Amino acid sequence: MKSIKWVLVVSVGLVLFACLREDTGRADLSGSVTHVRDGDTIEVSGVPVRLSGLTCDERNTSRGASATRAVTNLVNGQALSCTLTGEKSYDREVGRCRLPDGRDIGTELILARECGRCERYDPEGTYIAPQKMAGPYNGVIPKYCRV
């Protein structure tokens, strides 16, 4: 019975996602967090979302495990609103997600010093101010984040 519910949740999420996608490639996705993969990847209504402009250490490291716990605590039981860019990263949609009170998940993780700004994927500069407030990110900044 539990697996049937899971399949139903994922199916409904994917159908809603497909219906909401616009010709621009951008789409809005809202729903409950169904899984946290790591600090910068969550699943909303079964749709994997790579949080744009954010980098967190890999889950198999102590910093990565801490970031995964932090995002899990932040989003646990929350319904999120995500704006997807239309880009994909492996099997994940790319976008930014907000909590019901409007707080940006990436901003919260940067301010908590769990993750850092990925400059290449933050061309609008959304995370410049939070990163300055938090100070330099002490984790690993992947080469693909550098401009």
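Below are the figures for this structure:
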read-out	value
Length released on extending from M133 to Y90, taking residue separation times 0.36 nm less the Cα-Cα span	12.3 nm
Alpha-carbon centroids, the range 115-133 and the range 29-75: separation in whole Å	17
Förster-model FRET efficiency, 30 Å R0, T34 and T61, C-beta, rounded to 0.05	0.75
Accessible surface, the range 32-147, averaged per residue in Å² (probe 1.4 Å)	49
The range 60-147: equivalent-ellipsoid semi-axes (sqrt of 5 x gyration tensor eigenvalues, Cα, Å)	19, 17, 14
Electrostatic dipole magnitude of the range 56-117 [Cβ: Lys, Arg +1; Asp, Glu -1; Cα centre; debye, to 20]	100
Placed amide H near R59: partners under 5 Å, 5+ positions off or other chain	none
Low-density loop cleavage sites - trypsin sites (Lys or Arg not before Pro) in the range 104-147, where at most 13 other Cβ are within 10 Å (DSSP)	R146
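The values are calculated or read from the model by the stated rules, or taken from the named source; none is laboratory data. The structure displayed is predicted, hence computed values, not measured ones. Cβ coordinates were reconstructed from backbone atoms using ideal geometry, including for glycine residues, and neighbour counts include every protein chain displayed. Accessible surface areas use protein heavy atoms only, side chains included; no ligands, DNA or RNA. Shrake-Rupley method; radii C 1.70, N 1.55, O 1.52, S 1.80 Å.
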